[in-house]
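Each remark here refers to the structure printed beneath this line.
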Protein chains: 2
Amino acid sequence: MTRREAILDAATRLFSEKGFKDTSIAELATTTGVAEGTIFYHFKSKEDLLLQILEGIKVDILREFDRYIEARPAKRGLDQVQDALLFYLYLAGQMDSQFLLLQSHYLYRLADTNGECRTHLEAIFNCLVDIFEQAVLLGRSDGSIADVPARKAALLLFTMVDGLVRFKNYGLYDASALVAELIASSVRMLQQQEKEGRSRS
Amino acid sequence: MTRREAILDAATRLFSEKGFKDTSIAELATTTGVAEGTIFYHFKSKEDLLLQILEGIKVDILREFDRYIEARPAKRGLDQVQDALLFYLYLAGQMDSQFLLLQSHYLYRLADTNGECRTHLEAIFNCLVDIFEQAVLLGRSDGSIADVPARKAALLLFTMVDGLVRFKNYGLYDASALVAELIASSVRMLQQQEKEGRSRS
DNA sequence: ATTCCAACTGAGTACTCACTCGGCATTTTC
DNA sequence: GAAAATGCCGAGTGAGTACTCAGTTGGAAT
């Protein structure tokens with residue numbers, strides 16, 4: 001691992017755990033085992049470092065979801081929704097520091113003034129919502145999912161997995177105990193309901 | 001409004017908009033129109049100020065929800081879930097700075113070391129989840145809601161409204177356009193499904 | 001062997017921060 | 001009306017900050 005990568009790595013962990021403002025360059029330097037000057041040799045400022053971390057997260061997430069989409073088996077849309085939910089949670093577990101960092105307010109405030117930041121965040125957000133939307137759209141066409149607005153349903157699915165990750169991070173509730181109910185609820189929320197006597201027009 | 005209240009007010013707004021660390025006492029002083037010393041006359045430290053804000057939020061939220069519970073009309077549980085969702089969103093709109101502050105990571109990190117902070121956050125969290133849980137429990141007993149685990153269902157409802165508030169704050173998606181779908185999805189998620197041929201033991 | 005250069009160092013710099021403290025003004029108490 | 005108390009002020013303090021820069025290192029190129 002190059003020194004630059006080591007800095008990015010340690011910074012991701014520290015920024016996500018302690019916050020951007022609460023992590024000093026001095027602390028990052030000692031954690032990484034380099035001199036302060038080395039950090040500024042590789043990154044032109046602390047904010048630049050954050051942006052490069054964010055770009056790395058974007059690349060990682062887009063790659064992982066591309067892989068997932070390539071490899072996913074042919075299933076009904078409703079089943080793909082379940083898979084997508086589980087994959088999201090799996091990935092959030094694997095990349096926990098990165099996902100935690102994505103939930104920091106600082107990034108979204110920065111996005112107001114920094115176009116690059118905003119671009120990355122939107123790309124990540126769209127990628128995360130898209131896999132749900134794709135699955136919902138598929139489910140609507142194969143009949144496993146009711147006639148719900150796909151994007152909106154996808155956003156609501158996102159709020160739930162995102163909330164679960166948050167519960168885990170904040171220790172407010174044992175998130176793993178919620179996974180099964182999340183899946184079951186999502187299915188009830190989306191599935192085609194077989195009802196008779198609905199003929200009109 | 002006393003000076004102390006004015007400080008609490010301005011601090012709530014600044015902390016939620018710019019973040020705790022990114023708001024200096026000097027800025028808070030000029031915003032409020034008092035001297036820096038005045039702030040430390042009323043609050044023994046910046047962290048103490050934050051905790052007093054949090055306590056105020058707790059008191060406000062618990063009072064509002066108590067009022068809501070007192071005044072809510074007799075309805076089926078499923079309908080009360082819808083009312084509760086709408087009331088949550090209404091309150092988050094009314095108390096937007098306070099709700100925004102509640103989403104800051106800083107508070108949850110502070111809660112790890114500060115018992116008072118943790119107590120307040122848990123009280124707020126439980127209060128917010130409880131109204132959903134109560135409605136779900138009622139719905140299960142009046143037959144309008146299926147036999148779902150009440151607490152878990154309530155937590156999932158919470159993730160959705162909380163996510164909507166987040167969308168609004170971050171400007172990622174027009175949250176108001178999601179409200180109708182949120183209600184509809186929640187109903188589908190919870191409602192008793194009339195299915196025949198389900199006799200077993 | 002010499003030159004060159006990218007990678008790295010860490011003491012130094014200018015600045016911001018939360019917080020203090022001695023004093024001032026007004027109100028309350030006796 | 002003296003004394004005490006309360007509310008308030010803002011320059012000052014020391015710790016901590018992001019960032020700079022002159023200088024060192026080690027390896028590759030000539």
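The values are calculated or read from the model by the stated rules, or taken from the named source; none is laboratory data. Since the model is a prediction, treat every value here as computed from it, not as a measurement. Cβ placement follows ideal geometry from the backbone for every residue including glycine, while neighbour counts extend to all protein chains displayed. The accessibility values were calculated without ligands, DNA or RNA, using every heavy atom of the protein model including side chains. Shrake-Rupley method; radii C 1.70, N 1.55, O 1.52, S 1.80 Å.
Tabulated results
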quantity	calculated
Condition met for B:Leu62 (more than 16 Å from DNA strand D (Cβ to nearest atom), open to solvent by less than 40 Å² (accessible area, probe 1.4 Å) and assigned by TED's automatic domain parsing to the domain that holds B:Leu138)	no
Test result for A:Ala71, of a type outside the set (Phe, Trp, Tyr), free of Cβ contacts under 8 Å to residues at least 12 places away in the same chain, near DNA strand D (Cβ under 8 Å from one of its atoms) and farther than 26 Å from B:Gln103 by Cβ	no
Filter result (open to solvent by 10 Å² or more (accessible area, probe 1.4 Å) and facing chain A (nearest Cβ under 8 Å)) within region B:140-155	B:Ala146, B:Pro149, B:Lys152
Meets criteria (more than 10 Å from chain A (Cβ to nearest Cβ) and touching a Cys at 6+ places or on another chain (Cβ under 9 Å)) for B:Leu137	no
Residue count for region A:1-53, restricted to those that are in a loop (DSSP other than H, G, I, E, B), near DNA strand C (Cβ under 10 Å from one of its atoms) and among the charged types (D, E, K, R)	1
Test: A:Phe158 is buried (at least 20 other Cβ atoms within 10 Å of the Cβ), within 11 Å of the chain's Cα centre (by Cα) and either under 22 Å from B:Tyr106 (Cα atoms) or in the same structural domain as A:Ile183 (by TED's automatic domain parsing) (or both)	yes
Complete set of residues in region B:98-131 that are away from chain A (no Cβ under 13 Å), under 17 Å from B:Ser16 (Cα atoms) and small (Gly, Ala, Ser)	none
Test: residue in region B:25-40 that is within 14 Å of DNA strand D (Cβ to nearest atom), open to solvent by 20 Å² or more (accessible area, probe 1.4 Å) and within 14 Å of chain A (Cβ to nearest Cβ)	no
Unmet criterion (only one of (1) open to solvent by less than 10 Å² (accessible area, probe 1.4 Å); (2) within 13 Å of DNA strand D (Cβ to nearest atom)) for B:Ala11	(2)
Residues of region A:65-91 satisfying the condition of being touching a Phe, Trp or Tyr at 6+ places or on another chain (Cβ under 7 Å) and open to solvent by 10 Å² or more (accessible area, probe 1.4 Å)	A:Tyr68, A:Phe87
Members of region B:161-182 that are open to solvent by 40 Å² or more (accessible area, probe 1.4 Å) and acidic (Asp, Glu)	B:Asp174
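Yes or no, residue by residue, for (1) over 30 Å from B:Ser144 (Cβ atoms); (2) of a type in the set (D, E, K, R):
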{"position": "B:Glu17", "(1), (2)": "yes, yes"}
{"position": "B:Leu28", "(1), (2)": "yes, no"}
{"position": "B:Leu51", "(1), (2)": "yes, no"}
{"position": "B:Tyr90", "(1), (2)": "no, no"}
